[in-house]
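The values are calculated or read from the model by the stated rules, or taken from the named source; none is laboratory data. Computed from a predicted structure; not experimentally measured. Note that each Cβ is placed from the backbone with ideal geometry, even for glycine, and that neighbours are counted across all protein chains shown.
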Amino acid sequence: MRLKHPDMRPTGPPVRLRFDGREIEALPGETIAAALAAADIVAVRQAPSGAPRGPFCGMGVCFDCLVVVDGVPNTRACVTWVREGMDVARQDGLVPAAGAQ
């Protein structure tokens, strides 16, 4: 996650992405989860029960931070690097993989 301190300065220009239609400013080289957390967004999907879910393990092992990135579901926000113009959306539940039965 991103450290916030008044003496810390970004190393490059910000990267802009959208999360559920809201523009988020990220730092180059950080993950979607870090950028969202820095924007005070921690619930990135809903469990089938309706409970909010967000980053838990931070290393791509669990599936609590799954989001839809540029139309692709089941993307782990904690290990996916931000890039300019990406469109990220909340994901409700787990989306079955294409071709899964």
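Observations
- Failed criterion for Val68 (all others in (1) in contact with a Ser or Thr (Cβ under 8 Å, 6 or more places away or on another chain); (2) under 27 Å from Thr11 (Cα atoms) hold): (2)
- The number of residues in the range 55-69 being of a type in the set (Asp, Glu) and over 12 Å from the mean Cα position of the chain (by Cα) comes to 0.
- Only listed residue being outside any loop (DSSP other than H, G, I, E, B), touching a residue at least 40 places away in the same chain (Cβ under 8 Å) and surrounded by fewer than 20 Cβ atoms within 10 Å (Cβ to Cβ), chosen from Arg18, Arg83: Arg18
- Checked against (1) under 10 Å from the mean Cα position of the chain (by Cα); (2) closer than 17 Å to Pro10 by Cβ; (3) surrounded by 22 or more Cβ atoms within 10 Å (Cβ to Cβ), Ala26 passes all but a single condition, namely (1).
Residue-wise test of (1) at pLDDT 90 or above; (2) exposed (fewer than 13 other Cβ atoms within 10 Å of the Cβ); (3) in contact with a Cys (Cβ under 6 Å, 6 or more places away or on another chain).
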{"position": "Gly12", "(1), (2), (3)": "no, yes, no"}
{"position": "Met59", "(1), (2), (3)": "no, yes, no"}
{"position": "Phe63", "(1), (2), (3)": "no, no, no"}
{"position": "Val67", "(1), (2), (3)": "yes, no, no"}
{"position": "Pro73", "(1), (2), (3)": "yes, no, no"}
{"position": "Val79", "(1), (2), (3)": "yes, no, no"}
{"position": "Arg90", "(1), (2), (3)": "yes, no, no"}
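- Tally, over the range 21-30, of residues that are of a type in the set (Gly, Ala, Ser) and part of a strand (DSSP E or B): 1
- Filter result (small (Gly, Ala, Ser), at positive phi and in contact (Cβ under 8 Å) with a residue 12 or more places away in the chain) within the range 38-80: Gly58, Gly60, Gly71
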